[in-house]
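*Asks:* Here it is: the structure, laid out below.
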Ligand SMILES: Cc1cc2nc3c(=O)[nH]c(=O)nc-3n(C[C@H](O)[C@H](O)[C@H](O)COP(=O)(O)OP(=O)(O)OC[C@H]3O[C@@H](n4cnc5c(N)ncnc54)[C@H](O)[C@@H]3O)c2cc1C
Ligand SMILES: NC(=O)c1ccc[n+]([C@@H]2O[C@H](COP(=O)([O-])OP(=O)(O)OC[C@H]3O[C@@H](n4cnc5c(N)ncnc54)[C@H](OP(=O)(O)O)[C@@H]3O)[C@@H](O)[C@H]2O)c1
Ligand code: FES
């Protein structure tokens, strides 16, 4: 590993020159958090060995199963992850569910340090009547469906209605609105799954309302995604200028991102009359979308036969407080919004993994300081399970570097037990074998990847994702 | 241990020299594909001129300096650029006129962690750089798309730009830009500070 010492953080150089045993680190989860944590450790410690365990046979977490199919440029980040995985000091073991196939204490006995980066696999629930009616879907399941996540392939959302209601004003809500309203020819060239493309081709949805419980100054989505929506071909933005009265001056002193975002909404709302004229002239876009504010979902209303959703009753709210921390207080008034499709996009949620790992179920995170799991030396966490389910890839990158830094400091400070009996994968392999679990290596994944790319080629898509894990395993001869 | 064996073979066999830690974690940039085409004429070669690179079947191709580095330039086109890395270290390199600052970092293997994750497609803001005020004012205008992406950057300043959107010009000779610090860098600096006091 010549040359590594020169690039290590100053404090580590001295340590690296001594002949210490190679620390073995285990990372649970192969999303951005797992890969960025691994990358930072490998890069700044010339001797460390890192093994990444992943539940699915395929890597990259939400970059593959969350990031929208029409955002291929975001997925370029997997090139960097692939570089990391191909390192001689990094192992990848897919198809291994930690907590079921191997427990965290078992991993702790096999490795000198364990990093939990398993993301947020569940979603928040509204907790209102009617939430489980047919026609109501969580954004997480819907996204998983169009992105080929195996567990969501049977979702088969009913798109036979004209109006869809998306609850929540985050970027996931905008992703879904865009997928529902995008011209088919745009989606056809993406890696969206064939079956969801077929379903979208038959979709009757032509109007999408995004409903938030707070106001325009509290939206959680970001300007790039909003602008994309505004510029979506064939879809018209319907924003009520009244919602934005007085906001121009209110954001004068706000941060630049908030200010620009608000100004774009105001501009779009005011442009409306021009577009209306165009509409009158017969150039109307057949599809439309809009933002509704200060409406908190109270009940999903059943159809007359009680068999499916026909709308949502909203409690109108007023805002108490200013800016990000403003609270939505029901005014007592309600409003019913008719729709045949309800998508609840109010956030993801992490789940506890193993009784041996502390978990704050209130906040849905593993309690930690700078990534060190509270009260469990040698155990770390990074990404959404550390911070909660918000933040883009660069946010996750930074907090993963932070966790890796803690781990490197602990290595340097002699905090970790570096006994050679912790053999790493060797120990875990026998456990997995005894339980009938066969891990998928990174070169196995590369075969699956090649098969997907080949399948996509015929249709002019970057790839056709394989959605059945059994089929993935057949391809690699398992 | 089938998996381990395979993995090592592919790392040392097919890609010799790849696993030099200097390359680890830096962008595997091949061609700057700018979806939003924010700065036409910025780069010397357009994606079309370089052929259909950037396809997904090229996912695993590494950065081979086939483009910018191999073109011949007279020394008149050489511009010295300094990057102040997160840990305060100064990285100095000779750039060529027309290269984007992202290409400078990638072509010269500068060890800036996580830089250029989206490979210059205006989708990540990991190429965020901070300029001094005078230089900033002389740069070409910022597109809305770049501003949109900058709005997601951490440590945003009034003189921030995205490195993949700024092209090296002759007048920039001697340019110094700063990589914004993240949480772990600030901690690392504290550590170093503590050690040097001891
Ligand atoms: C719909 C959606 C779209 C997004 N789009 C963008 C975007 O365009 N740009 C952007 O910058 N950010 C985007 N983000 C945010 C970005 O995806 C996150 O910041 C990032 O993925 C979080 O990384 P993570 O590694 O913590 O979690 P994840 O990416 O979820 O990775 C967790 C991994 O752990 C695995 N795992 C879970 N349980 C176990 C277990 N028991 N054992 C082993 N492995 C396990 C999972 O299978 C998964 O691979 C988006 C997020 C969502 C939800
Ligand atoms: N293109 C991209 O860059 C991209 C794409 C997708 C996702 N992401 C990122 O991934 C992260 C997760 O996105 P997300 O959209 O799932 O989450 P989010 O950004 O946290 O947005 C959640 C939304 O749900 C609302 N909400 C929460 N609880 C609610 C309740 N009980 N009733 C009504 N509304 C409720 C929130 O409103 P309040 O503010 O009032 O709580 C907020 O508008 C974000 O950081 C996002 O930026 C990025
Ligand atoms: S490299 Fe991603 S925005 Fe510049």
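*Asks:* Quick check on residue A:35: is it under 25 Å from the mean Cα position of the chain (by Cα) and at positive phi? Show your work before the answer.
*Replies:* On the way: under 25 Å from the mean Cα position of the chain (by Cα): yes; at positive phi: no.
Judged against the criteria, residue A:35 is not a match.
*Asks:* Return a yes/no flag: does the stretch A:301-308 have any residue that is closer than 23 Å to residue A:172 by Cα and part of a strand (DSSP E or B). Lay out the reasoning, then the answer.
*Replies:* Start the filter on the stretch A:301-308 by keeping residues that are closer than 23 Å to residue A:172 by Cα, which leaves none.
No, the stretch A:301-308 contains no residue that is closer than 23 Å to residue A:172 by Cα and part of a strand (DSSP E or B).
*Asks:* While we're here: Find the helices (runs of 4 or more DSSP H) located wholly in the stretch A:1-70 whose residues include 3 or more that are at pLDDT 95 or above, and list them.
*Replies:* Working: elements: A:4-7, A:10-17, A:32-44, A:62-65.
Filter on the stretch A:1-70 gives A:32-44, A:62-65.
*Asks:* Quick check, is residue B:88 farther than 19 Å from residue A:393 by Cα, at pLDDT below 95 and either surrounded by fewer than 15 Cβ atoms within 10 Å (Cβ to Cβ) or within 10 Å of chain A (Cβ to nearest Cβ) (or both)?
*Replies:* Numbers: farther than 19 Å from residue A:393 by Cα: yes; at pLDDT below 95: yes; either surrounded by fewer than 15 Cβ atoms within 10 Å (Cβ to Cβ) or within 10 Å of chain A (Cβ to nearest Cβ) (or both): yes.
When the stated conditions are applied, residue B:88 passes them.
*Asks:* Give me the helices (runs of 4 or more DSSP H) completely within the stretch A:345-445, filtered to those with at least 1 residues that are within 16 Å of ligand 2 (Cβ to nearest atom) and touching a helix residue (DSSP H, G or I) at 6+ places or on another chain (Cβ under 6 Å), ordered by residue number.
*Replies:* Values: elements: A:384-387, A:393-412, A:425-434.
Filter on the stretch A:345-445 gives A:384-387, A:393-412.
*Asks:* So, residue A:324, is that one within 16 Å of ligand 1 (Cβ to nearest atom) and either within 14 Å of chain B (Cβ to nearest Cβ) or over 30 Å from residue A:134 (Cβ atoms) (or both) or not?
*Replies:* Working: within 16 Å of ligand 1 (Cβ to nearest atom): no; either within 14 Å of chain B (Cβ to nearest Cβ) or over 30 Å from residue A:134 (Cβ atoms) (or both): yes.
No; evaluated as a whole, the condition is false for this residue.
Residue-wise test of (1) touching a residue at least 40 places away in the same chain (Cβ under 8 Å); (2) within 14 Å of chain B (Cβ to nearest Cβ).
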site: A:343; (1), (2): yes, no
site: A:358; (1), (2): no, no
site: A:407; (1), (2): yes, yes
site: A:413; (1), (2): no, yes
site: A:418; (1), (2): yes, no
site: A:437; (1), (2): yes, yes
site: A:442; (1), (2): yes, yes
site: A:456; (1), (2): yes, yes
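One line per residue, one yes/no per condition, for (1) on the phi < 0 side of the Ramachandran plot; (2) at pLDDT below 55; (3) out of contact with any strand residue (DSSP E or B) (no Cβ under 8 Å at 6 or more places or on another chain); (4) outside any helix (DSSP H, G or I):
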| position | (1), (2), (3), (4) |
| --- | --- |
| B:40 | yes, yes, yes, yes |
| B:43 | yes, yes, no, yes |
| B:46 | yes, yes, yes, yes |
| B:53 | yes, yes, yes, yes |
| B:82 | yes, no, no, yes |
| B:98 | no, no, no, yes |
| B:106 | yes, no, yes, no |
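*Asks:* With (1) away from chain B (no Cβ under 14 Å); (2) in contact (Cβ under 8 Å) with a residue 60 or more places away in the chain as the list, and residue A:155 as the residue in question, which single condition is left unmet?
*Replies:* Residue A:155 satisfies all of (1) away from chain B (no Cβ under 14 Å); (2) in contact (Cβ under 8 Å) with a residue 60 or more places away in the chain except (2).
*Asks:* Separate question: Could you check the stretch B:121-151 and list, in sequence order, the residues that are within 9 Å of ligand 3 (Cβ to nearest atom) and either in a loop (DSSP other than H, G, I, E, B) or more than 16 Å from residue A:257 (Cβ to Cβ) (or both)?
*Replies:* Listed by number, the residues that qualify are B:121, B:122, B:123, B:124, B:125, B:126, B:127.
*Asks:* Does the stretch A:64-73 hold any residues that are facing another protein chain (nearest Cβ under 10 Å) and either farther than 13 Å from residue A:465 by Cβ or more than 6 Å from ligand 1 (Cβ to nearest atom) (or both), and which are they? Steps first, please.
*Replies:* Restricting attention to the stretch A:64-73, the residues satisfying the condition of being facing another protein chain (nearest Cβ under 10 Å) are A:67, A:71-73.
Passing the criteria: A:71, A:72, A:73.
*Asks:* Select, from A:175, A:122, the only residue that is in contact (Cβ under 8 Å) with a residue 40 or more places away in the chain, within 14 Å of another protein chain (Cβ to nearest Cβ) and within 15 Å of ligand 2 (Cβ to nearest atom). If you could, list the steps in order and put the result at the bottom.
*Replies:* Working: A:122 fails: within 14 Å of another protein chain (Cβ to nearest Cβ).
Step by step, each of A:175, A:122 is checked, and only A:175 is in contact (Cβ under 8 Å) with a residue 40 or more places away in the chain, within 14 Å of another protein chain (Cβ to nearest Cβ) and within 15 Å of ligand 2 (Cβ to nearest atom).
*Asks:* Step by step: first the residues of the stretch A:446-466, then only those that are touching a helix residue (DSSP H, G or I) at 6+ places or on another chain (Cβ under 8 Å) and part of a helix (DSSP H, G or I), then the one that is nearest to residue A:146 (Cα to Cα). Which residue is that?
*Replies:* Restricting attention to the stretch A:446-466, the residues satisfying the condition of being touching a helix residue (DSSP H, G or I) at 6+ places or on another chain (Cβ under 8 Å) are A:447-448, A:451, A:453, A:456-457, A:459-466.
With part of a helix (DSSP H, G or I) added as a condition, the list becomes A:447-448, A:451, A:453, A:456-457.
On the way: A:447: 23, A:448: 19, A:451: 19, A:453: 17, A:456: 15, A:457: 19 Å.
Looking at residues that are touching a helix residue (DSSP H, G or I) at 6+ places or on another chain (Cβ under 8 Å) and part of a helix (DSSP H, G or I), I get A:456.
*Asks:* Determine whether residue A:199 is crowded, with 18+ Cβ neighbours inside 10 Å and in contact (Cβ under 8 Å) with a residue 24 or more places away in the chain.
*Replies:* Values: crowded, with 18+ Cβ neighbours inside 10 Å: no; in contact (Cβ under 8 Å) with a residue 24 or more places away in the chain: yes.
Judged against the criteria, residue A:199 is not a match.
*Asks:* Which of the residues belonging to the stretch B:108-138 are touching a strand residue (DSSP E or B) at 6+ places or on another chain (Cβ under 7 Å), within 9 Å of another protein chain (Cβ to nearest Cβ) and without any contact (Cβ under 8 Å) to a residue 40 or more places away in the chain?
*Replies:* B:125
The values are calculated or read from the model by the stated rules, or taken from the named source; none is laboratory data. Bear in mind that the values here come from a model prediction, so they are computed numbers and not experimental data. Note that we place each Cβ from the backbone using ideal geometry, even for glycine, and neighbour counts take in every protein chain shown.
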